[in-house]
Amino acid sequence: MKDDAIERTEWVRLTLGGSTSTVTHSGVDELADGLSDALWVMDANTDAIAGAPEGVPKVVLPVGEAAKSWPAVDRILRAAVEREIDRHGRFVGFGGGVVCDVAAFAASVYLRGVAVTLIPTSLLAMVDAAIGGKTGVNFAGFKNMVGTFHAADEVRICEETTHSLSEREFRSGLAEAIKAALLDDAELLEIFESHAEAILARKNPVLSEVIRRSILVKARVVESDYREGGRRAILNLGHTFAHALESVAGFGEWTHGEAVAWGIARAARLGEATGHTPAQHAERIISLLTRYGYRIEPGVADPHALLEAMRHDKKRAGGAIRFVIPCGVGETVVEPVDEVTVLQGLVHPG
Ligand SMILES: NC(=O)c1ccc[n+]([C@@H]2O[C@H](COP(=O)([O-])OP(=O)(O)OC[C@H]3O[C@@H](n4cnc5c(N)ncnc54)[C@H](O)[C@@H]3O)[C@@H](O)[C@H]2O)c1
């Protein structure tokens, strides 16, 4: 591992909560530069992939959502104490969204907050979890029940690390990138439409362009609303449906991204039914999601069970369930929709 000259390209610089967070693009060999004294957090998979450093102080967590837990935080904090990491020290999260969330959370509470570098290795973490400063762990059976805002001062991206991701995990991350395109990048949407084969084959330069542009979309949104007072809610496009599906189908049946893709399709149809989304735009969304191989048909789970799960969604307001509706590229509204209309959209073919 080199600790000398660090050659990375700056992609994005965000100001979040008064501090700066820089997203840089690195080659796989430079990912660990300058970070040999930091405390690394990874999981058993990412400990073994390209870019994983040797000989650094590290905590290796078990694989999967269960690692986003209090015991994992305990292990990281104890390792930091044992290593005598002081308040000028640094944690590094090297892994998917789980590792990024838990490493950043531990960094935010250790000595009232130490610096954290995130090196996301799943596509989902690159375009979403590592960007925007939300940290968290699951608690008392609830997802992300405990957390903080603590932005990484640096996020290092190397798309090469995605090469070892399973096909399913890769496509799961792509759904969030497609969401980003729909939210605020017409050119990215066209790239998705015209380069599907290359994107699915993880080819460059198109893959790094997809990642860079998706990050820019999220960066613009979170900079305008760091603590989710309003606009940040649009990042939940597809998520009200997705969370319901994940809980009704049983966690793990659908990956988060697969459920989000299904949810985006349902939100587009709901937009059509409520007069917010022109039919042409809904068709464009449906055909894109189909091209990328996602399951988007309405009847994938019991409609009444889905509705019940949505009633419990934390984004509920004023008695009606609120949805992020894609009206056009870069045009999104967050609207309450009555339950009868929602139910119809879960029953009828579309
Ligand atoms: N903080 C945020 O703003 C935010 C946003 C979105 C999602 N999240 C969180 O992110 C988590 C989901 O992230 P995820 O989908 O990356 O899950 P994950 O971290 O569990 O990673 C998915 C799987 O891929 C493996 N993996 C990761 N990188 C790999 C690589 N390069 N090669 C081979 N295997 C690799 C992991 O070990 C794991 O088995 C959820 O907990 C979610 O709440 C957070």
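The values are calculated or read from the model by the stated rules, or taken from the named source; none is laboratory data. What you see is a predicted model; the values in this text were computed from it and never measured. Ideal geometry is used to build each Cβ from the backbone, glycine not excepted, and the neighbour counts take in all protein chains shown. Only protein heavy atoms, including side chains, enter the accessible area calculation; ligands, DNA and RNA are left aside. Shrake-Rupley method; radii C 1.70, N 1.55, O 1.52, S 1.80 Å.
Here are a few things to note about the model shown:
A quick yes/no check of all residues on (1) in contact with a strand residue (DSSP E or B) (Cβ under 7 Å, 6 or more places away or on another chain); (2) without any contact (Cβ under 8 Å) to a residue 24 or more places away in the chain:
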residue	(1), (2)
203	no, yes
211	yes, no
219	yes, no
244	no, no
250	no, yes
267	yes, no
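- Scope region 108-118; condition in a strand (DSSP E or B) and open to solvent by 20 Å² or more (accessible area, probe 1.4 Å); matching residues: 115
- When region 5-25 is limited to residues that are assigned to a loop (DSSP other than H, G, I, E, B) and more than 20 Å from the chain's Cα centre (by Cα), the one that is modelled with the lowest pLDDT turns out to be 5.
- Any hit, region 218-226, residues being surrounded by 22 or more Cβ atoms within 10 Å (Cβ to Cβ) and of a type in the set (Phe, Trp, Tyr): no
- Taken together, the criteria exclude residue 76 from residues that are surrounded by 13 or more Cβ atoms within 10 Å (Cβ to Cβ), among the β-branched types (Val, Ile, Thr), away from the ligand (no atom under 11 Å from the Cβ) and over 20 Å from residue 129 (Cβ atoms).
- Selection count where residues are open to solvent by less than 20 Å² (accessible area, probe 1.4 Å) and part of a helix (DSSP H, G or I), scope region 80-107: 10
- Residue pairs whose Cβ atoms lie under 7 Å apart, sitting 6 or more positions apart in sequence or on different chains, and linking a residue in region 122-135 that is in the same structural domain as residue 22 (by TED's automatic domain parsing) to a partner that is part of a loop (DSSP other than H, G, I, E, B) and near the ligand (Cβ under 6 Å from one of its atoms), are 122/96; 122/165; 123/165; 124/96; 125/96.
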